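See below for the structure under consideration.
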Amino acid sequence: MSIAKFIEKQIVKHLPSVARAVQRSMSDEKKIDLVMNEMRNDPAMVDSLFPYRDKYETHHNMPEKGSSRQEVLRQIKEMHDAESAPWKGGKISGSFYHGDQDHYDFLNEAFGYYSQVNSIQRDVCPSLTKYEGEIISMTLGLFHAEEVNKRDPKQKACGSLTTGGTDSIFQSVYVHREWGVDKGISQPEIVLPVSAHPAFYKAAHYLNMKTVVAKLDSNYEVDVQDLESKINSNTVMIVGSAGNYGHGIIDPISKLSDIAVKHNVGLHVDCCLGGFILAWAEPLGIDCPVFDFRLPGVTAISADTHKYGYSLKGTSTVLFRNEQLRRYQYYGEVDWPGGVYVSTGFNGSKSGGLFAATWAAMVHYGKEGYMNRARKIFDVNKRLQKVVDSIPELKLIGRSLFITAISSDVFNIYHVNDYLKTKGWRMNGQQFPNAFHFCVTGPQVTNEGIVELFEQDLKAGVAYAKEQKGDPKSAAMYGGAGKEIDHSMYMPMLIAYTDVTQSTYPF
C-alpha cells in the first residue's frame with residue numbers, strides 16, 4: 001500500500017463528521033500516535049512496507065556472527081529481482097530513466113573502482129578532479145554557458161557536482177541568500193511559482209527565508225505579471241522550471257530573465273527533471289523555448305545527471321553564472337585542530353564512485369547517443385499524447401516534450417488511475433487540478449507495443465470511470481476526491497509514515 005492510499009484510507013476512517021472536531025483538538029503527538037497505531041493494525045500497510053519480514057531474519061541488533069558473502073548477496077538479489085519486474089515492462093512512470101541493465105552494470109563497474117575514495121581527498125585521487133571538472137564543463141556546454149563570457153568577458157560560468165536535485169536547489173538558494181546579505185538584505189525572500197519543486201520550500205525553511213508564491217496562468221505556466229508584482233526590496237531570487245515536475249511544462253524563462261535583470265535579483269531555472277533531455281530538443285529541430293544561460297537574467301541552473309543524464313542515483317549538478325556566486329557555497333575552517341578544512345558545499349565526504357560513474361555515462365553516450373535516446377523518448381511521448389487527444393473525455397495539461405499529463409472535465413480522473421493500477425501501471429498523481437502524468441523514459445522506448453497497450457488500458461479505464469458513482473481509491477495524496485478533508489491530519493500522517501520507513505518490524 002502506498003502512502004497515498006494509506007492516507008486516503010485514514011481520512012475516510014478518521015474524519016467522519018462526528019469525529020472531526022475531536023481530531024482537530026488533538027495535539028500533533030497524539031495524532032501521530034493515532035496514525036501509528038492504525039498503521040500497525042493495517043495488514044495491507046504492513047505488507048507493503050515489510051514484505052520480507054517472514055522470509056528473512058530481521059536484524060534488530062548486529063548479528064553475533066556474520067553471514068557468508070554468498071548468503072548476503074543471495075538475499076539482496078532475491079529482493080532486487082522481485083522489485084525489478086514492473087519497471088522493466090515499461091509500465092512505471094519516470095523513476096528508471098535508462099532502463100537497460102547492461103548500462104547499469106557498466107555504471108556499477110565504474111563506481112566500483114572508486115567506491116572507497118573520498119571526494120575531498122584530491123591529493124590521494126587527483127583523477128576525481130578530472131571527472132568533476134569535465135562533468136561540469138560538459139553540462140555547462142549543454143546550457144550554452146559560453147554565452148556568459150561572450151556577453152561579459154569578466155564572467156565565467158561554473159558549477160558543482162551534488163548528490164541530487166534537492167541538494168542542487170539547496171545550494172543555489174543558499175548562494176542567493178548570501179548574495180542578498182552582501183547587498184544588505186537581512187530578511188531574504190524567494191518568489192516562485194506554485195508549481196516549483198518542494199525543494200525550494202524546504203531550503204527556505206531550513207535557511208530561514210520567506211517564500212512568496214505566484215499563481216499559474218491558464219496554460220499552467222507561471223503568471224509573470226503576478227510573479228513580478230510580488231518582488232520587493234527583500235527579494236533575492238525568483239524561480240522558473242524547465243520543465244516542472246507536475247506537467248513537464250516550461251515556464252516563460254525569457255520573460256523571467258527580463259524581470260530578474262530589471263529588478264537585480266537572481267533567477268534559478270530548475271531543470272532537475274528535464275535538463276538533460278530538453279537540451280537536445282533544439283539540435284533535433286524540435287521547437288523548445290530558450291531557458292538557459294543565453295538569457296542574461298539566469299544566474300543558476302540545476303540539472304540532474306541521475307535522471308536523463310543516465311548516471312547512478314545520487315548525482316546532480318548546480319551551475320552558476322559566475323565564480324563569485326559559486327564561492328558563496330564554499331565552506332572553509334582554518335583554526336580546527338584537525339587541520340585546514342574546505343568543502344564545496346553542505347556535504348563533506350562523497351564517494352568518488354559517483355564522480356566516475358557520471359563521467360562514464362556522459363563520455364560513453366556523447367552528444368550523438370544522448371540525442372538518439374531523446375529523439376525516441378520525444379516520439380513515444382508524442383504518440384501517447386495523440387492517444388489522449390483521441391479520447392474525448394480526457395484532456396492534456398500542457399504539451400510537454402517528455403511528459404503526458406492527463407486530466408478530465410467529465411469525471412474524476414483518479415477513477416482512471418484506479419483502473420490502470422489493476423493493470424500494473426504506476427502513474428504519478430497530481431493535484432490542483434486532479435491529474436496524473438506518465439513521464440516517458442527508456443523502458444517505454446525499449447518495450448515495443450507499449451503505446452498500444454497503454455491506449456487499450458486507458459480506454460478501458462475511461463469506460464470504468466464513467467460507470468463509477470462513488471469516490472476513487474487513489475485520491476488523497478493527489479488531490480481532493482469530493483470529501484471534506486481535515487488538513488491538520490496530513491502532516492501527522494506523513495510524519496508517522498516516514499518514521500515507519502526508518503524502522504524495523506514490528507515497529
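The values are calculated or read from the model by the stated rules, or taken from the named source; none is laboratory data. These figures come from a predicted structure and were not determined experimentally. Reconstructed Cβ throughout: ideal geometry from the backbone, glycine too, with neighbour counts over all protein chains shown.
Listed by position, the helices (runs of 4 or more DSSP H) contained in the range 1-102 that have at least 2 residues being β-branched (Val, Ile, Thr), at pLDDT 95 or above and farther than 17 Å from Arg426 by Cβ are 69-88.
Looking only at residues in the range 328-374 that are surrounded by fewer than 18 Cβ atoms within 10 Å (Cβ to Cβ) and of a type in the set (S, T, N, Q), the one that is nearest to Gln101 (Cα to Cα) is Asn372. When Tyr206, Tyr174 are screened for being surrounded by 14 or more Cβ atoms within 10 Å (Cβ to Cβ) and either at pLDDT 95 or above or among the hydrophobic types (A, V, I, L, M, F, W, C) (or both), only Tyr174 passes.
Between Ser115, Ser67, the distinction of being among the polar types (S, T, N, Q), out of contact with any Phe, Trp or Tyr (no Cβ under 8 Å at 6 or more places or on another chain) and without any contact (Cβ under 8 Å) to a residue 24 or more places away in the chain belongs to Ser67 only. Give the range 51-83 a look and list any residue that's of a type in the set (Val, Ile, Thr) and over 22 Å from Val500 (Cα atoms), or say none. Passing the criteria: only Val72.
Selection over the range 345-394 of residues that are basic (Lys, Arg) and without any contact (Cβ under 8 Å) to a residue 40 or more places away in the chain gives a count of 2. The residue of the range 214-238 that is farthest from the chain's Cα centre (by Cα), among those that are within 21 Å of Ser186 (Cβ to Cβ) and surrounded by 15 or more Cβ atoms within 10 Å (Cβ to Cβ), is Asn234. Taken as a whole, the condition of being among the small types (Gly, Ala, Ser), surrounded by fewer than 24 Cβ atoms within 10 Å (Cβ to Cβ), touching a residue at least 12 places away in the same chain (Cβ under 8 Å) and touching a Pro at 6+ places or on another chain (Cβ under 7 Å) does not apply to Gly164.
Can you confirm whether the range 310-328 contains a residue that is closer than 20 Å to Gly248 by Cα, of a type in the set (Gly, Ala, Ser) and outside any helix (DSSP H, G or I)? Within the range 310-328 (the criterion being closer than 20 Å to Gly248 by Cα, of a type in the set (Gly, Ala, Ser) and outside any helix (DSSP H, G or I)), the answer is yes, since at least one residue qualifies. Of the residues examined, Ile403 is one that is within 24 Å of the chain's Cα centre (by Cα) and of a type outside the set (Gly, Ala, Ser). Considering the range 469-503, the residues that are of a type in the set (A, V, I, L, M) and in a loop (DSSP other than H, G, I, E, B) include one that is modelled with the highest pLDDT, namely Ala475. Yes or no: Phe106 surrounded by fewer than 18 Cβ atoms within 10 Å (Cβ to Cβ), among the aromatic types (Phe, Trp, Tyr) and either farther than 24 Å from Leu325 by Cβ or in contact with a strand residue (DSSP E or B) (Cβ under 6 Å, 6 or more places away or on another chain) (or both)? It is true that Phe106 is surrounded by fewer than 18 Cβ atoms within 10 Å (Cβ to Cβ), among the aromatic types (Phe, Trp, Tyr) and either farther than 24 Å from Leu325 by Cβ or in contact with a strand residue (DSSP E or B) (Cβ under 6 Å, 6 or more places away or on another chain) (or both).
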